[in-house]
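Quick notes on the structure that follows.
The values are calculated or read from the model by the stated rules, or taken from the named source; none is laboratory data. In this text, all values refer to a predicted model and were calculated from it rather than measured experimentally. We place every Cβ from the backbone using ideal geometry, glycine too, and count neighbours over all the protein chains shown.
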Amino acid sequence: MRIGHDLLATPPRLASGRRVGQDPSSAAQRAEQSRPDRLVPGGGRQCFRAGGGGGEKTGPNPTDRRKKGSKHHVLTDAKGIPLAKSLTAANRHDVTQLLPLADTIPPVKGKRGRPRRRPARLYGDRAYDSRRHRLGLWARGIAPAIAQRNTEHGSGLGIYRWVVERTLSWLHQFRRLRVRYERRADIHEAFLTLGCIVICHNYLTGSLC
């Protein structure tokens, strides 16, 4: 069928009686499958810019010429599996989220009896070196293993802490988390939760490198 010089369909694709010869649902399914997923690989950093120019939980990013942005905070286990996460403005210090994240760690199923709610030890870099927060961890039954400020590098804690940086890298492979398009914080936090779910699913299925 042609309209002017445009070919709309070849004769074999048309059926008699003014009906389409092929089930149109299959074409709709193919079109739907070809659309990109909500989370798209893209790469990223811990501090990221808000694509909409602002919104809830955004602030001047000290690493990006003070443009408005947000920051992801993640607490993981020894294998890099996210246990707790939060979203703050880019100008919020990391240490402000240490105790809130520790308080939101879910119970861990294990041996029969009372489920374990706290890890035995918590590793952190110099950004988390604070007497008040160290005492807060001890009060929660968690032994802090945090590098001290104003000391030479080479504490050896990096062999444990690198898994957190890898988890943040996994999260920011999703373009929806690398650039924040949502002005509402709860919507972006939902995408952050989905990203953590994907990481857990990949770990359980053996897809993580």
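State whether the residues of region 137-150 include one that is of a type in the set (D, E, K, R), without any contact (Cβ under 8 Å) to a residue 12 or more places away in the chain and surrounded by fewer than 17 Cβ atoms within 10 Å (Cβ to Cβ). No, region 137-150 contains no residue that is of a type in the set (D, E, K, R), without any contact (Cβ under 8 Å) to a residue 12 or more places away in the chain and surrounded by fewer than 17 Cβ atoms within 10 Å (Cβ to Cβ).
Filtered by the rule that a residue be within 17 Å of the chain's Cα centre (by Cα) and free of Cβ contacts under 8 Å to residues at least 40 places away in the same chain, region 63-74 gives 71, 73. Taking the listed residues 176, 118, 114, 161, the one that is under 18 Å from the mean Cα position of the chain (by Cα), assigned by TED's automatic domain parsing to the domain that holds residue 56 and at pLDDT below 85 is 161, with no other qualifying. Among the residues of region 168-188, just one is surrounded by fewer than 17 Cβ atoms within 10 Å (Cβ to Cβ) and of a type in the set (Asp, Glu), namely 186.
Going residue by residue through region 95-111, is there one that turns out to be out of contact with any Cys (no Cβ under 9 Å at 6 or more places or on another chain), part of a strand (DSSP E or B), assigned by TED's automatic domain parsing to the domain that holds residue 63 and touching a residue at least 12 places away in the same chain (Cβ under 8 Å)? No, region 95-111 has no match at all.
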